[in-house]
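The structure's right below; bear with me while I get my questions together.
Please treat every number below as a calculation from the coordinates, not as lab data. Being a predicted model, the structure only gives us computed values, none of them experimental. Cβ sites come from the backbone with ideal geometry, for glycine too, and all protein chains shown count toward neighbours.
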Amino acid sequence: MPRSTVVRPEEIRRHNLSQVLHQIHVHGAMSRAELTASLGLNRSTIGDLVADLVRRGMVDEHVPAAGVDRAGGDKAGRPSHMVAPRRDGPYVLAVEVEVERMVSAAVGLGGRIHVRRETPLASPSSPSGALTQIARDARWLAARMPVDARLVGVGVSVPGTVRRTDGMVVHAPNLGWRNVPFGARLRRRLGDSVSVRIGNNANLGALAEHQRGAARQLRDVVYVTGGVGVGGGVIVDGAEVLGAGGYAGEIGHIMLDPNGPPCHCGSNGCVETSLGEHAMLRAAGHTGPPGSAAVAAVLASAAEGCEPAAAAVAAQGVVLARLLGILVNVFNPEAIIVGDTMEQILRIERTAVEAEIGRRSKAESRAALLLLTPGLGRDSALIGASELAFQHVVAGIATGD
């Protein structure tokens, strides 16, 4: 017997409730009139849905004080009720795992970071050590949130290949992790009642920059992040491009030279063999241990024109530009956002990078290209992790979970 396609009234209501919450999460405080216009629902339906979210402790509603801007009010000129995320409402734990540090934050609806904590990590950090630190951070952050605030989800950014369906970290070479069931292990640490989502750092950076950062008004964007490794996240027509298994965006493993040095992925001459902090440090003649202090010193010397640092950074700019030229030709994006250490290289070598992109890409594909830096600074992947967690929360309302 074929499955019924009838949509029940309660399913419609849950869908609409999810859409209202999504609007408030993305845009922050909105008036009822703005919600009515953006969703195409009538005023009484919006009022009922907002009241439901108020009862759930997710949003607050108030009438603007007399004398404030009445734009969006009703036909009688009365100001429309304003709906905003609650400061003591639901929040997610967002975590960014990096090679040398971990950043954890309690993030509320609307993308607001309430409390954050940064902790140095041993390099490389073991999965067990990272799990212990996340659990410790979760308790530390919860103790500093309002008593009524409740944790509704967890999102974690990892610099590696991640299977989003179950949070398996297939390969995070710069952390030394392979086939780590990180999502499942973290759920056991934090309790099965909490939704846990794991994502690749570059994909999450792209998600955050598109939703809240430099690409907020754009539809086709590539986000490039480069530190120890090089990764990319792609937005096409406003949607994430994840690929069949969730592994899209591995731009660090585009082959530039088939006769080049071996890459940890098993190929030769990948982007990561010639672009990134380790390659830059080698070219600059740095013989000590790698790390953020060494990278900062080389970049500072290059900015002052000191050799061999300046030559090393210039060489990085050429490789970066050639990679960006490939991305322009493949995706024809409105913008490419360059973050992490690559942002600093772009800042120093921007003129040369733009010229090299011009030589390596089709004129029509780059005609309107914007070459941007992250609007969220170093927090792109962290905010992306929170957005990943909130996706489940908003979707859960639609499905009744």
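Output the peptides 292-299, 322-329, 221-228 sorted from most to least packed, where packing is the average of other Cβ atoms within 10 Å over each peptide's residues.
Per-residue mean Cβ counts within 10 Å order the peptides as 221-228, 322-329, 292-299.
Given a Förster radius of 41 Å and the C-beta distance between residue 100 and residue 55 as r, what FRET efficiency does 1/(1 + (r/R0)^6) yield to the nearest 0.05?
Details: r = 44 Å, r/R0 = 1.08.
The value I calculate is 0.40.
On to the next question. Does the stretch 102-242 come out rounded, prolate or oblate by the C-alpha gyration tensor, with a ≥ b ≥ c the root eigenvalues, rounded set by a/c under 1.5 and, if not, prolate when a/b is larger than b/c and oblate if not?
Since a/c reaches 1.5 but b/c is at least a/b, the shape of the stretch 102-242 is classed as oblate.
Just to verify a number: FRET efficiency for residue 87 and residue 264, C-beta to C-beta distance, R0 = 51 Å, to 0.05?
0.70
Estimate the FRET efficiency between residue 39 and residue 287 by the formula 1/(1 + (r/R0)^6), using the beta-carbon distance for r and 41 Å for R0, to the nearest 0.05. If you can, show how the numbers build up before the last one.
Numbers: r = 60 Å, r/R0 = 1.47.
Efficiency computed from Cβ-Cβ geometry: 0.10.
Taking the structure as given and computing Cα Rg over 2.2 N^0.38 Å, which label from (i) 1.07; (ii) 0.99; (iii) 1.23 fits?
Recomputing Cα Rg over 2.2 N^0.38 Å here gives the entry labelled (i).
Considering only the other residues whose Cβ falls under 15 Å of the Cβ of residue 381, what net charge follows from Lys and Arg at +1 and Asp and Glu at -1?
Combined, the nearby Lys, Arg, Asp and Glu give -4.
Here's something else I'd like to know. Counting only other residues whose beta carbon sits under 9 Å from that of residue 203, what net charge do I get with K and R as +1, D and E as -1?
My count for the surroundings of residue 203 gives 0.
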